[in-house]
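A short worksheet on the structure shown next.
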Amino acid sequence: MTIRTRKFIGTIALLILVVVWSLLGMTVAQTPWLANSGLLQAIFYVVAGIGWVLPAMPIIGWMSRPDR
């Protein structure tokens, strides 16, 4: 597979990841146990804001591999 194809597939995968991650984050953020606690909200938004990077790192690594 060429690097150009991997970058195209990886871009689509990253877009899907970000959309799904944000929709799940919005769903969890509306739960009553989280909405009633300021401290839990702060922790959740930090984790949700940074957490998408962990699943994105292998995708980016795969995208940037050189052609063989």
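The table that follows gives values for the structure above.
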item	result
Net +/- balance of residues flanking residue 13 in space, Cβ distance below 14 Å, scoring K and R +1, D and E -1	+2
Efficiency of FRET between residue 13 and residue 45 - r from beta-carbon atoms, R0 35 angstrom, step 0.05	0.90
Span-like helix ranges in the chain, DSSP H, alpha carbon extent 18 angstrom or more, Kyte mean at least 1.0	3-29, 38-51
Cα pair distances in the chain, grouped into 10 Å bins until the bin that holds the longest one, percent each	19, 38, 23, 14, 6, 0
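Rule-based calculations on the coordinates, nothing more; no lab input. What you are looking at is a predicted structure, and each value in this text was computed from that prediction instead of being measured. With ideal geometry, Cβ positions are generated from the backbone for all residues, glycine too; neighbour counts draw on all protein chains shown.
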